[in-house]
């Protein structure tokens, strides 16, 4: 299997009036062909900014990608591309699905216009050629009466239907990667399940790699193969879904999983919440960003930033504490 | 769409009825309309004769019926000053007022919209600063003062434009500029702020994520959304110009409806004032109707009644 995306040491900052916001502080990860990677973390952990930075979608200024590389298809570095080259990749090779389907579609253009735009731009189709393809796409994402719906406006659709339209836009040019930024967060639970199912079906049919950004660990288990947990603009832990749920290696992941309600637990337990608040990204840190919320923190955690290290097969964590052995790693 | 149009038309008719009621009541709330319309030196006999001739001695309902049946066919009686029917005199003044308002609006739109767009797309730039300054100036400079200064400088000293009247094509330039300047200011600010607002919308990010060219995003996604509030501002302002250019017309002795209104108030020529008020209301209502239609053409949410 080949890598469709390899991100190394990405650093993104926002130069605001309040100071420099250290939004992404050295994120590295890989995405294999056809794989689904979930990126999990609370608000402000840098999940979205990481992905938006790669494709020039953060507002610049104030945002700035300061460091890193992002090798796409083992050939080009996305961060070195000219704006014109990046436009060819966006929508053509990498599709996007955003959080709130109510606001992500232009209210005064028809569904058909908004989907065919991508095809006209990337596939050089005429409007008429695009029309047939759009109707095909609408069928594919499960919208009934596609010929009729082609001329409909977003406000005539429900939230779930609009998200299907956004997905149709994302897959229109058969991309290599789809970046889904909290695609189910704004939807009802029943609709959420439908959208997750639709994603799985399309992913398997198209063989497309998916980056699924979410803060819902429940959804992750259903769709992803691997998970990256982010905290304070850094990866805290990267593992396969099974490993992450069964042997979490980072205290933050342990906390997140403990905060998850379980349907199958017999006795009624209080949900555990992680004490404290996420770090203020305006302050650059020289120690583990999770240290002051961590039950296991010891001296070293306050002295240096833990790097992402291998803790098992296909399993990395950035923590000095060994959860399995119950003590600091490497004897310290 | 047609339901939307019909409901707007119905509203306009209701509003017009309200205007007629007001215009009818206005003259009579003080009690005796004759004392309003006649000079103070008029003898009681003249007063009584006037009341009888104008029908002010009839029951109010009869007077209202007469007023309304006349109003429907555009008959507001004879002008007291000119002794000729009032409405034709108003219509005679319409072309001059239209010419002034259209020129002013043209100036305001042709300069204001592009300036607002450029400054909205480049906030903080040199052009943006110029545009904002100009908009502030346009909206805050009192235009009666500006009118006088322009007459003093461009008409009296430089002799580029005539200082008054409507005798040559150049005559319209100064009054139209003064009338259009505040509107231009408003259009610049409105366009700028709605460009900034729309640019930050999620659907613009979606458009960017599709890899669309910047030009496509601006024209198709931003501008069409900006046009919605713009149309309503332009419609309202045009109506305002048609009815509210009274002192501009007075200062430049522009022979339009505003000047006639100013004069007829001085003459206590109530039939003429009433005819002007009702006619202006009709024009503004018609304009609003056109604006609402334009609105519906641009915004499907209105077209489909949501």
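The values are calculated or read from the model by the stated rules, or taken from the named source; none is laboratory data. Quick caveat, the model's predicted, so the values are computed rather than measured. Cβ sites come from the backbone with ideal geometry, for glycine too, and all protein chains shown count toward neighbours.
Of note:
- Scope region B:42-56; condition in a loop (DSSP other than H, G, I, E, B) and either surrounded by fewer than 16 Cβ atoms within 10 Å (Cβ to Cβ) or at pLDDT 85 or above (or both); matching residues: B:42, B:43, B:55
- Qualifying position, being assigned to a helix (DSSP H, G or I) and loosely packed, with under 13 Cβ neighbours inside 10 Å, among B:133, B:120, B:124, B:138: B:133
- Sole exception among (1) in a loop (DSSP other than H, G, I, E, B); (2) within 13 Å of another protein chain (Cβ to nearest Cβ) for residue A:45, by number: (2)
Condition check ((1) crowded, with 19+ Cβ neighbours inside 10 Å; (2) modelled with pLDDT of 90 or more; (3) under 26 Å from residue A:297 (Cα atoms); (4) out of contact with any helix residue (DSSP H, G or I) (no Cβ under 8 Å at 6 or more places or on another chain)) across all residues:
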{"site": "A:191", "(1), (2), (3), (4)": "no, no, no, no"}
{"site": "A:211", "(1), (2), (3), (4)": "yes, yes, no, no"}
{"site": "A:226", "(1), (2), (3), (4)": "yes, yes, no, no"}
{"site": "A:250", "(1), (2), (3), (4)": "yes, no, yes, yes"}
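For every residue, the table says whether it meets (1) outside the structural domain of residue B:139 (by TED's automatic domain parsing); (2) farther than 23 Å from residue B:148 by Cβ; (3) under 20 Å from the mean Cα position of the chain (by Cα); (4) without any contact (Cβ under 8 Å) to a residue 24 or more places away in the chain.
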{"site": "B:183", "(1), (2), (3), (4)": "no, no, yes, no"}
{"site": "B:187", "(1), (2), (3), (4)": "no, yes, yes, no"}
{"site": "B:197", "(1), (2), (3), (4)": "no, yes, no, yes"}
{"site": "B:202", "(1), (2), (3), (4)": "no, yes, no, yes"}
{"site": "B:230", "(1), (2), (3), (4)": "no, yes, yes, no"}
{"site": "B:236", "(1), (2), (3), (4)": "no, yes, yes, no"}
{"site": "B:247", "(1), (2), (3), (4)": "no, no, yes, no"}
{"site": "B:253", "(1), (2), (3), (4)": "no, no, yes, no"}
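- Taking the listed residues B:60, B:94, the one that is surrounded by fewer than 14 Cβ atoms within 10 Å (Cβ to Cβ) and out of contact with any strand residue (DSSP E or B) (no Cβ under 8 Å at 6 or more places or on another chain) is B:60, with no other qualifying.
- Top-ranked residue of region B:57-100 - restricted to ones that are in a loop (DSSP other than H, G, I, E, B) and closer than 20 Å to residue B:265 by Cβ, ranked as modelled with the highest pLDDT: B:84
- Scanning region A:31-70 for residues that are surrounded by fewer than 18 Cβ atoms within 10 Å (Cβ to Cβ), out of contact with any helix residue (DSSP H, G or I) (no Cβ under 8 Å at 6 or more places or on another chain) and under 18 Å from residue A:89 (Cβ atoms), we see that the one that is modelled with the highest pLDDT is A:33.
- Selection from region A:1-15 of residues that are farther than 21 Å from residue A:286 by Cα and part of a strand (DSSP E or B): A:3, A:4, A:5, A:6, A:7
- Scan of region B:256-277 for residues that are assigned to a helix (DSSP H, G or I) and either without any contact (Cβ under 8 Å) to a residue 24 or more places away in the chain or surrounded by fewer than 22 Cβ atoms within 10 Å (Cβ to Cβ) (or both), ordered by number: B:261, B:262, B:263, B:265, B:266, B:273, B:277
- Within region A:161-170, being more than 8 Å from chain B (Cβ to nearest Cβ) and touching a strand residue (DSSP E or B) at 6+ places or on another chain (Cβ under 6 Å) holds for A:167, A:170.
- Some residue of region A:30-42 being more than 10 Å from chain B (Cβ to nearest Cβ), assigned to a strand (DSSP E or B) and out of contact with any strand residue (DSSP E or B) (no Cβ under 7 Å at 6 or more places or on another chain): no
- Within region A:180-189, the set of residues being touching a residue at least 12 places away in the same chain (Cβ under 8 Å), more than 12 Å from chain B (Cβ to nearest Cβ) and either buried (at least 23 other Cβ atoms within 10 Å of the Cβ) or in a helix (DSSP H, G or I) (or both) comprises A:183, A:184.
- So residue B:296, is it assigned to a helix (DSSP H, G or I), more than 18 Å from residue B:80 (Cβ to Cβ) and at pLDDT 90 or above: no
- Selection within region B:161-180: residues that are part of a loop (DSSP other than H, G, I, E, B) and touching a residue at least 40 places away in the same chain (Cβ under 8 Å). The member of this set that is surrounded by the most Cβ atoms within 10 Å (Cβ to Cβ) is B:166.
- You will find that of B:208, B:220, B:215, the residue that is more than 11 Å from every other protein chain (Cβ to nearest Cβ), assigned to a helix (DSSP H, G or I), surrounded by fewer than 23 Cβ atoms within 10 Å (Cβ to Cβ) and over 30 Å from the mean Cα position of the chain (by Cα) is B:215 and no other.
- A residue that is part of a loop (DSSP other than H, G, I, E, B), surrounded by fewer than 20 Cβ atoms within 10 Å (Cβ to Cβ) and modelled with pLDDT under 85 occurs nowhere in region B:243-255.
- On the stretch given as region B:43-61, residues that are in contact (Cβ under 8 Å) with a residue 12 or more places away in the chain and within 17 Å of residue B:78 (Cβ to Cβ) total 4.
- Flag if residue B:55 is out of contact with any strand residue (DSSP E or B) (no Cβ under 9 Å at 6 or more places or on another chain) and on the phi > 0 side of the Ramachandran plot: yes
Condition check ((1) in contact with a strand residue (DSSP E or B) (Cβ under 6 Å, 6 or more places away or on another chain); (2) facing chain B (nearest Cβ under 9 Å)) across all residues:
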| site | (1), (2) |
| --- | --- |
| A:103 | no, yes |
| A:110 | no, yes |
| A:114 | no, yes |
| A:125 | no, no |
| A:133 | no, no |
| A:153 | no, yes |
| A:156 | no, yes |
| A:159 | no, no |
| A:178 | yes, no |
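- Criterion: in contact (Cβ under 8 Å) with a residue 60 or more places away in the chain and within 15 Å of the chain's Cα centre (by Cα) - qualifying residue of A:104, A:36: A:36
- Residue that is modelled with the lowest pLDDT, among those in region A:91-101 that are surrounded by fewer than 24 Cβ atoms within 10 Å (Cβ to Cβ) and either more than 11 Å from residue B:202 (Cα to Cα) or more than 9 Å from chain B (Cβ to nearest Cβ) (or both): A:92
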